[in-house]
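The values are calculated or read from the model by the stated rules, or taken from the named source; none is laboratory data. The model shown is predicted, which means the values in this text are computed figures rather than measured ones. Counting neighbours? That spans all protein chains shown, and the Cβs are built from the backbone with ideal geometry, glycine included. The protein model used for the area step is the full one, side chains on, heavy atoms only, and it has no ligands, DNA or RNA in it. Shrake-Rupley method; radii C 1.70, N 1.55, O 1.52, S 1.80 Å.
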Amino acid sequence: MAPLIEVRNLKKYFAIDGGLFSRTRALLKAVDDISFTIDRGETLGLVGESGCGKTTAGRTICRLYEPTAGSVTFDGVPIYSLPPSEMLPLRRRIQMIFQDPYASLNPRMTVGDIVGEPIDIHGLAQSKQERLEMVHELLHTVGLSPEHATRFPHEFSGGQRQRIGVARALAVEPEFIICDEPISALDVSIQAQVINMLEELQEKRKLTYLFIAHDLAMVKHTSHRIAVMYLGKIVELAGSAELYKNPQHPYTQALLSAIPIPDPDVEAERQRIILEGDVPSPIDPPIGCRFRTRCKMAKKICSEQDPEFVNLGDHYVACHLVK
Ligand SMILES: Nc1ncnc2c1ncn2[C@@H]1O[C@H](COP(=O)(O)OP(=O)(O)O)[C@@H](O)[C@H]1O
Ligand SMILES: [Mg+2]
């Protein structure tokens, strides 16, 4: 069966001021040619350090941003070819859950209206009574209660606010949800609850997820496949188990080595790969392989040519050193 989402050579550049004394505008290459597919019912994890372009990728895929280049096909529909006025039916099928449950909910709206707004926009309720019932049902689905509908976001904990965000996303019965670091801002103690809820919802409603996270530990159990991003590009993509067992890209290896292993003997034996320096600027990324400035194994070719994204058999990697 054809994948539900197909992202091809997607780029999103931002024009930004070149600096205090510069009259030119520079291009910040937040997403610079990424391609992948997601099957129906699948979770694709998208992982990378802060600033590598994950949120921009998510927002461009659901056309909250217009792309600089490339295509996204959703269930056979090339979404950037649609006139913006015809996006509404697709907006119903694609939803996004945001990282910060404090910033993403309007503080002046009641929970009932936050969850009910998409029902209104898409005209999904025939009457006030039906709208109210739908809101209550949605709150129930995410583990909240009908009484919560008359309250305001500030009266809730971080975990509860993220549940409100999930209820709002579910209101339109989407097929595909982009979860942008949905648990990063939450206490560790409640992260698992939110993850479990998202997994149960996926099973019950046959949802497809793009699950964005900044470290590999967060996506290990939730994702069927994982894409690792570095400075606007995907450097490696493989099945979750395969990526953990057999990471090929030096950046993936470094990210994995940063995750503690619960077994103290294994942990003591292990060699950590320390990533030195910061991620370079996406305004002026290194020529050749973008990771080479932090890669201990970099060779001459790495500063000369951009490595291709090569398929090793359901395992893709962009590295000159992997053959
Ligand atoms: N609206 C914007 N205008 C200009 N630059 C942006 C904008 N949004 C993000 N960026 C820049 O794009 C890069 C990628 O950001 P982002 O997609 O938020 O990364 P991540 O989600 O992986 O932390 C960063 O350098 C960031 O500063
Ligand atoms: Mg982000």
Distance violations [Cα-Cα > 31 Å] among Lys204/Lys233; Lys206/Lys245; Lys54/Lys296; Lys206/Lys296; Lys128/Lys206: Lys204/Lys233; Lys206/Lys296
Sum of side-chain charges, His214 neighbourhood, beta-carbon under 14 Å (Lys, Arg +1; Asp, Glu -1): -3
Heavy-atom accessible surface of the chain: percent carbon and sulfur, 1.4 Å: 52 percent
Reciprocal mean inverse distance between Cα atoms of the chain - Kirkwood radius, Å: 21.1 Å
Between segment 4-76 and segment 230-279, the alpha-carbon center distance in angstrom: 24 Å
Under 15 Å, Cβ to Cβ, from Ala2 - net charge with Lys/Arg +1 and Asp/Glu -1: -3
Highest-fluctuation residue, Thr252, Thr222, Thr68 considered, GNM on the chain with Cα pairs under 10 Å: Thr68
Nearest-20 debye value, the chain charge dipole, Cβ charges on Lys, Arg, Asp, Glu: 800 debye
Convex hull volume of segment 234-288 per residue (C-alpha atoms, cubic angstrom): 111 Å³
Per-selection Rg to Rh, segment 34-111 - Cα, Kirkwood hydrodynamic radius: 0.98
Test item: Cα-centred dipole of segment 105-154, Lys/Arg +1 and Asp/Glu -1 on Cβ, debye: 160 debye
Additional length obtainable on full extension of the chain from His140 to Met1, 0.36 nm per residue less Cα span: 46.7 nm
Alpha-carbon radius of gyration plus Dmax, which is the widest Cα pair, for segment 2-135 in Å: 18.1, 59
Net charge, Ser127 excluded, C-beta distance under 13 Å - Lys, Arg +1, Asp, Glu -1: -1
Under-5 Å amide H pairs with Leu312, H placed in peptide plane, nonlocal only: Val317
Computed accessible area, Ile212, all protein chains, 1.4 angstrom probe, square angstrom: 0 Å²
